[in-house]
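Structure, as structure tokens:
The values are calculated or read from the model by the stated rules, or taken from the named source; none is laboratory data. Predicted model, so just to flag it, every value in this text is computed and none were measured. All Cβ positions, even for glycine, are placed from backbone atoms using ideal geometry, and neighbour counts span all protein chains on display.
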Amino acid sequence: MYEIFLKTLPFFTLIGVGYISGVTRFFTEEATAYLTKFVFYFALSAMLFRFSSNLSLGDLFDWNFVFAYLLGSVVVYLLAGVVALYRRVLITEAAIEAQCSIIGNVGFLGIPMLALLMGEAAVGYVMMVLAIDLLVFGSIVVMVIVGTRDGRMSLGIIRVLIMGLLKNPMILSIVAGLLWAVFSLPIPQPVNEFMTILGSAATPGALFAIGASLASKSAERIEVAGWLSICKLILHPAAIAFCALYLFEVEPYAAAVMIAASALPVAGNVYIQAQHYGVAPQRVSASILVSTAFSIVTVSAVIAWVSALYV
């Protein structure tokens, strides 16, 4: 584990540099927002397109992988939701807390870190996890919040979901890359070099942006944030590991990547949703802050464990 910790340390150190820059106001919230936009719409999209354009849909899609991740995530999702309802919070707040328990920072932290630590072959599996998170669980929370407020399910919710997906550059870049691969279209050398240069900015940019954004997060409702962090950092990868290794017998390397991806801290896009709909944003903020701090140890431990599965 010590060797893995040393390998993950530079990633979290870069997050720390971003955090210090944000706390000292050397990097303002406005600057962080624009850096995040650059990474989200340009650098990360270029990286995802470049990786996905070299994959085939058959290599990427595996039903055992999908079912294992879905079942493990649903178990933890329901657990967090039931615990929230037991505390007698609103169903919309329970849905947001359930999101915190399973939606990890796959895009900004998982893709660049796991690609370097576990090899570029990991990216395809990480993208599958990202797609499930966005398409399935990202849709569920919107349907619960909007449906609860409207008092019924309507076509308007479907329109909101579709527009949200169409505006998400990560989904678009993955789909565009896969279509490029399906039709076996050549990538001109200048375009490939452009994508490589732009995509290489995703790792440092994303990690720095994570840290800088944490500077504006507060640690209110620390007991709830602690519970949700346990769900995300420990229970989620444990449930995924059981489903992937014992119930569905996912290929060892794919299972290892899936488990590592599930061990990542709470994603920033959960906060964006919470803030957009006005549902417990401070609670989500605290969960992101606490889970990211403790993930320095837990992520290293999980990656060290899963590395033994395919070596």
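Counting residues that are crowded, with 24+ Cβ neighbours inside 10 Å and either basic (Lys, Arg) or modelled with pLDDT under 95 (or both), which helices (runs of 4 or more DSSP H) fully inside the range 216-292 reach at least 2?
268-277
Quick check on this structure: which one of 90, 70, 78, 85 is farther than 28 Å from residue 183 by Cβ, modelled with pLDDT of 90 or more, surrounded by fewer than 21 Cβ atoms within 10 Å (Cβ to Cβ) and within 16 Å of the chain's Cα centre (by Cα)?
When all the criteria are applied, what remains is 70.
What pairs can you find where one residue is in the range 172-188 and outside any loop (DSSP other than H, G, I, E, B), the other is modelled with pLDDT of 85 or more and of a type in the set (S, T, N, Q), and their Cβ atoms are less than 7 Å apart, with a gap of 6+ or different chains?
Once the first residue is outside any loop (DSSP other than H, G, I, E, B) and sits in the range 172-188, its partners that are modelled with pLDDT of 85 or more and of a type in the set (S, T, N, Q) give 173/45.
Give the residues of the range 10-48 that are assigned to a helix (DSSP H, G or I) and without any contact (Cβ under 8 Å) to a residue 60 or more places away in the chain, sorted by residue number.
10, 13, 30, 33, 34, 37
Tell me the residue from 158, 197, 145, 140 that is more than 21 Å from the chain's Cα centre (by Cα), among the hydrophobic types (A, V, I, L, M, F, W, C) and at pLDDT 80 or above, please.
Just one listed residue meets the conditions, 197.
Yes or no: residue 248 within 21 Å of residue 124 (Cα to Cα) and either in contact (Cβ under 8 Å) with a residue 24 or more places away in the chain or not basic (Lys, Arg) (or both)?
yes
Look at residue 213 and say whether it is of a type outside the set (A, V, I, L, M), in a helix (DSSP H, G or I), within 14 Å of the chain's Cα centre (by Cα) and under 22 Å from residue 10 (Cβ atoms).
No; evaluated as a whole, the condition is false for this residue.
Can you tell me which condition residue 101 does not meet? The list is (1) under 17 Å from the mean Cα position of the chain (by Cα); (2) of a type in the set (Gly, Ala, Ser); (3) more than 19 Å from residue 139 (Cα to Cα), and all the others hold.
(3)
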